[in-house]
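**Student:** One structure, as structure tokens, below. Some questions next.
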Amino acid sequence: PTPVHLLGTGSSSPSLRLPNAALPANLDTSDDWIRTRTGITARHLLPATAGETGAGETMAGLAADAARRALDMSGVPPAEIDLVINCCSSPDDLFGDATTVAAKAGCTNAVAFDLTAACSGFLFGLVTASNFLQGPARNVLVVGGDALSRWVDWEDRNSCILFGDGAGALVLSSDAGAGGGEGGGGLLGYSMHSDGKGHGDLMCGGGGGEVEVDTADGGVTLGKGGYGPITMNGKKVYAFATREVPAVLTEAMEEAGITVDNIDHLLLHQANIRIMETVAKRLKLPMSKVIANLDEYGNTSAGSIPLALDEAVRSGRVKKGDVIGAAGFGAGLSWGAAILKW
Ligand code: ACO
């Protein structure tokens, strides 16, 4: 297979920061409960916007900010990106934000499409990108981001405390020198799964209504679109994640021809620190190898893995040649793992 080089990361999060103590006063919860049960102390939220109110104030704006930063780090000129995959389940536009993100990031020659796989979105997008790099594409930008604050029930303490908004991005290339550097790193192996039987455990389903349409024959009642709010069986999702994530990571390590001893960093979807602790323990990895930033951002769905990766790369925690075991999981149900070499 053609090697896949990882050339740059970027991320963006809204400036509005909501610590646990500032959650709605009528929510029967506490900072202590949220921190001890989830590891979250704050989240960043997009304000309500109708249309464009400036960079970073819309979902597409956040995604484009992250994309621009990843492109800058990569050295790949935006016009040389062939493909933009925007992994998002909560776009500004139901038809997708990919083309807007590509245009804002200057990817004028790219084909752009959206990929919807909730919290597994970025992982699935990364694998999709690496497959395109085996064929028609040379440089691919994968963006992951969500704005689930727009879709939660702010009176449901079981779920609204978990989510935050944010985005991250990664530039991949089949050409080591695409950005003027040496390239290197890559996607060493992966494994992906989904199971619709668990769909009802975590969803943002139809919440629309009806519309009467007068026709020549009389009239018909048709559906009117609408979604949400998010409903979640937290215990079932927790059990699913702690059961499947170690298994899928093990499959991806086998595919990559490595063992757990070769893993320098464990980078899981940032859903709950206790899920990370359990997965690390099951894989016999110390917590010192776990990359976690959910204390500050909560669960940003498709944004969480690239956001945490970008922070770890920029802080120097992830170094050239380090091996990362990454795994996403969530609604669908869907889950997947990828072994990355930085
Ligand atoms: N504040 C205070 N109390 C609360 C809160 C809250 N925010 N939420 C629930 N409780 C209460 C419950 O009502 C329950 O009370 P009861 O015993 O009187 O019935 C008690 O706390 C314990 O609730 P549990 O559900 O047992 O709490 P648990 O330890 O399982 O934690 C949590 C709940 C945090 C939701 C956990 O199950 C979890 O993280 N699950 C995974 C969720 C997840 O990862 N979802 C996202 C997937 S990604 C995607 O695709 C979008």
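**Student:** With the condition kept exactly as written, say whether any residue in region 287-298 is within 16 Å of the ligand (Cβ to nearest atom), in contact (Cβ under 8 Å) with a residue 60 or more places away in the chain and small (Gly, Ala, Ser).
**Tutor:** Of the residues in region 287-298, the ones within 16 Å of the ligand (Cβ to nearest atom) are 290, 292-295, 297-298.
Within this subset, residues satisfying the condition of being in contact (Cβ under 8 Å) with a residue 60 or more places away in the chain are 292, 294-295, 297-298.
If we keep only those that are small (Gly, Ala, Ser) too, we end up with 292, 298.
Yes, there is a match, as at least one residue in region 287-298 is within 16 Å of the ligand (Cβ to nearest atom), in contact (Cβ under 8 Å) with a residue 60 or more places away in the chain and small (Gly, Ala, Ser).
**Student:** Looking at region 6-40, which of its residues are away from the ligand (no atom under 14 Å from the Cβ) and of a type in the set (Lys, Arg)?
**Tutor:** Passing the criteria: only 17.
**Student:** Out of all the residues in region 113-131, is one or more on the phi > 0 side of the Ramachandran plot, small (Gly, Ala, Ser) and touching a Pro at 6+ places or on another chain (Cβ under 7 Å)? Give the steps one after another, and end with the answer.
**Tutor:** So in region 113-131, the residues on the phi > 0 side of the Ramachandran plot come out as 118.
After this cut, where a residue has to be small (Gly, Ala, Ser) as well, the list is 118.
Checking which are touching a Pro at 6+ places or on another chain (Cβ under 7 Å) leaves us with none.
No - not one qualifying residue is present in region 113-131.
**Student:** Looking at 191, 130, 149, can you tell me which residue is outside any loop (DSSP other than H, G, I, E, B) and under 17 Å from residue 203 (Cα atoms)?
**Tutor:** Values: 191 fails: under 17 Å from residue 203 (Cα atoms); 130 fails: under 17 Å from residue 203 (Cα atoms).
Of 191, 130, 149, the one residue that is outside any loop (DSSP other than H, G, I, E, B) and under 17 Å from residue 203 (Cα atoms) is 149.
**Student:** Kindly evaluate residue 155 against the criterion of being surrounded by fewer than 21 Cβ atoms within 10 Å (Cβ to Cβ) and assigned to a strand (DSSP E or B).
**Tutor:** On the way: surrounded by fewer than 21 Cβ atoms within 10 Å (Cβ to Cβ): yes; assigned to a strand (DSSP E or B): no.
Criteria not met by residue 155.
**Student:** On to the next question. When residue 184 is evaluated against the numbered criteria (1) within 24 Å of residue 333 (Cα to Cα); (2) in a loop (DSSP other than H, G, I, E, B), which criterion, by number, is the only one it fails?
**Tutor:** (1)
**Student:** Looking at region 248-264, is at least one residue at negative phi, part of a strand (DSSP E or B) and crowded, with 17+ Cβ neighbours inside 10 Å? Working first, answer last.
**Tutor:** Our first condition is that a residue be at negative phi; within region 248-264, this holds for 248-256, 258-264.
So of that shortlist, the ones also part of a strand (DSSP E or B) come out as none.
Scanning region 248-264 turns up no residue that is at negative phi, part of a strand (DSSP E or B) and crowded, with 17+ Cβ neighbours inside 10 Å.
**Student:** Sticking with this structure for a sec: Say whether the condition of being over 27 Å from residue 98 (Cβ atoms) and out of contact with any His (no Cβ under 7 Å at 6 or more places or on another chain) is met by at least one residue in region 299-309.
**Tutor:** Our first condition is that a residue be over 27 Å from residue 98 (Cβ atoms); within region 299-309, this holds for none.
No, that holds for no residue.
Conditions tested, residue by residue: (1) within 16 Å of the ligand (Cβ to nearest atom); (2) of a type in the set (S, T, N, Q).
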site	(1), (2)
88	yes, no
94	no, no
102	no, no
108	no, yes
118	yes, no
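**Student:** If I ask for residues that are touching a helix residue (DSSP H, G or I) at 6+ places or on another chain (Cβ under 6 Å) and more than 14 Å from the ligand (Cβ to nearest atom), which ones from region 193-225 would you list? Break it down into steps so the answer makes sense when it comes.
**Tutor:** Going through region 193-225, the residues touching a helix residue (DSSP H, G or I) at 6+ places or on another chain (Cβ under 6 Å) turn out to be 201-202.
Of everything in region 193-225, nothing turns out to be touching a helix residue (DSSP H, G or I) at 6+ places or on another chain (Cβ under 6 Å) and more than 14 Å from the ligand (Cβ to nearest atom).
**Student:** Further, regarding this structure: Give region 226-243 a look and list any residue that's away from the ligand (no atom under 12 Å from the Cβ) and either closer than 15 Å to residue 192 by Cβ or touching a strand residue (DSSP E or B) at 6+ places or on another chain (Cβ under 8 Å) (or both), or say none.
**Tutor:** Residues satisfying the conditions are 226, 227.
**Student:** Separate question: Only one of these is within 16 Å of the ligand (Cβ to nearest atom) and either out of contact with any strand residue (DSSP E or B) (no Cβ under 9 Å at 6 or more places or on another chain) or in a helix (DSSP H, G or I) (or both): 303, 316. Name it.
**Tutor:** Working: 316 fails: within 16 Å of the ligand (Cβ to nearest atom).
The conditions single out 303.
**Student:** Let me ask something additional. Being of a type in the set (D, E, K, R) and touching a Lys or Arg at 6+ places or on another chain (Cβ under 7 Å) is the filter; apply it to region 176-219 and report the residue that is nearest to residue 118 (Cα to Cα).
**Tutor:** 201
**Student:** Please find, within region 303-320, the residue that is modelled with the highest pLDDT out of those that are among the charged types (D, E, K, R) and in contact with a Phe, Trp or Tyr (Cβ under 8 Å, 6 or more places away or on another chain).
**Tutor:** Residues of region 303-320 that are among the charged types (D, E, K, R), as a first pass: 310-311, 314, 317, 319-320.
Cutting the leftovers down to in contact with a Phe, Trp or Tyr (Cβ under 8 Å, 6 or more places away or on another chain) gives us 319-320.
Details: 319: 96, 320: 93.
This residue is 319.
**Student:** Just to be sure before I move on: is residue 236 surrounded by fewer than 21 Cβ atoms within 10 Å (Cβ to Cβ), in contact (Cβ under 8 Å) with a residue 12 or more places away in the chain, in a loop (DSSP other than H, G, I, E, B) and not assigned by TED's automatic domain parsing to the domain that holds residue 124 in the structure I sent?
**Tutor:** No, not satisfied.
**Student:** Does region 245-258 include one or more residues that are within 16 Å of the ligand (Cβ to nearest atom), in contact with a strand residue (DSSP E or B) (Cβ under 8 Å, 6 or more places away or on another chain) and either modelled with pLDDT under 95 or not assigned by TED's automatic domain parsing to the domain that holds residue 118 (or both)?
**Tutor:** First, pick out the residues of region 245-258 that are within 16 Å of the ligand (Cβ to nearest atom): 245-246, 248.
Still in the list and also in contact with a strand residue (DSSP E or B) (Cβ under 8 Å, 6 or more places away or on another chain): 245, 248.
This time we only want the ones that are either modelled with pLDDT under 95 or not assigned by TED's automatic domain parsing to the domain that holds residue 118 (or both), so: 245, 248.
Yes: region 245-258 contains one or more residues that are within 16 Å of the ligand (Cβ to nearest atom), in contact with a strand residue (DSSP E or B) (Cβ under 8 Å, 6 or more places away or on another chain) and either modelled with pLDDT under 95 or not assigned by TED's automatic domain parsing to the domain that holds residue 118 (or both).
**Student:** Here's another thing I want to ask about it. Specify the residue that is farthest from the ligand (Cβ to nearest atom); the eligible residues are those in region 182-192 that are buried (at least 16 other Cβ atoms within 10 Å of the Cβ) and farther than 20 Å from residue 275 by Cα. It would help to see each step written out before you state the result.
**Tutor:** Residues of region 182-192 that are buried (at least 16 other Cβ atoms within 10 Å of the Cβ), as a first pass: 183, 185-192.
Checking which are farther than 20 Å from residue 275 by Cα leaves us with 183, 185-190.
On the way: 183: 32, 185: 27, 186: 27, 187: 22, 188: 25, 189: 23, 190: 18 Å.
Step by step, filter region 182-192, then rank; the result is 183.
The values are calculated or read from the model by the stated rules, or taken from the named source; none is laboratory data. Since the structure is predicted, the reported quantities are computational estimates derived from the model, not experimental observations. Neighbour counts are summed over all protein chains in view; Cβ atoms, including those assigned to glycine, are modelled from backbone coordinates with ideal geometry.
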